[in-house]
Amino acid sequence: MMRHLPVFLLLAAALFAGVPDKADGQCKGFARRICRLDLEHYIHDGNYHAAILTEGEEAELYKTFYADQDYRIAICGSDLMADIQFRVMDIQRNVLYDNSDNDYKGTWDFRLESSQQLMIWLRVPSPNPGEEPESGCVAILFGLSGR
C-alpha cells in the first residue's frame, strides 16, 4: 500500500491541477455570455480578463490606452459578487475614476488626451462578520467606441 502512495499523490495533484483551467474556462464563458453585454455599442477588444475571486480579494490589471479614443471599461461579477469596487489609476497611482463614488456602477466611459498605461484595481467586498466567504467569477472587459 505504501508503494502506491506516491503514485496516488501524483495522480491527485494532476487532477487538481486541471480544476483551475476548467473553472477559468467557465469564468471566461461567463464573461462572453453575460459581461460582454455591458459593452453595449462599444467594440470589444477581444480579450476576456476573468478570474475566480473570493470575497475580500483584490486584483490589478495594467492596460495601455491611446489618445483620442473613446473607451468603456466594464466590470462584471457573478450574482454572488455584488458591489465590486474598481478604480482606474494612472502610473503615479492618481485615481482617475472610483466607482464607489458612483453607486458601484459597473462601467466607465472615458477618453484620454494622451496615450498612457493605466491600472485597473478591483476589490470584491469582504463577507459579513461570521459568514463564510463566497467565490465567483469577476471579469474586466474593454471596448472601443464604434462611432
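Read-outs throughout are calculated quantities, based only on the coordinates presented, and are distinct from any laboratory measurement. All figures in this text were calculated on a predicted structure; none of them were measured in a lab. Every residue, glycine among them, receives a Cβ derived from its backbone with ideal geometry; neighbour counts consider all protein chains shown.
For L96 and T54 in one chain, what is 0.36 nm times their gap in residues minus the Cα-Cα distance, to one decimal in nm?
Length difference between fully extended and current span is 12.5 nm.
Which order do peptides 26-37, 62-73 fall in by mean Cβ count within 10 Å, highest first?
Working: 26-37: 17.1, 62-73: 14.4.
Output ranking for 26-37, 62-73: 26-37, 62-73.
Stretched out fully, how many nm does the piece from A82 to M119 gain, at 0.36 nm a residue minus the Cα gap?
Working: separation 37, 0.36 × 37 = 13.32 nm, distance 2.16 nm.
Between A82 and M119, full extension yields 11.2 nm more.
Can you pull the semi-axes for the range 41-147, root of five times each eigenvalue of the Cα gyration tensor, sorted largest first, whole Å? Numbers along the way, then the final one.
Values: eigenvalues 135, 42, 27 Å².
Whole-Å semi-axes of the equivalent ellipsoid: 26, 15, 12.
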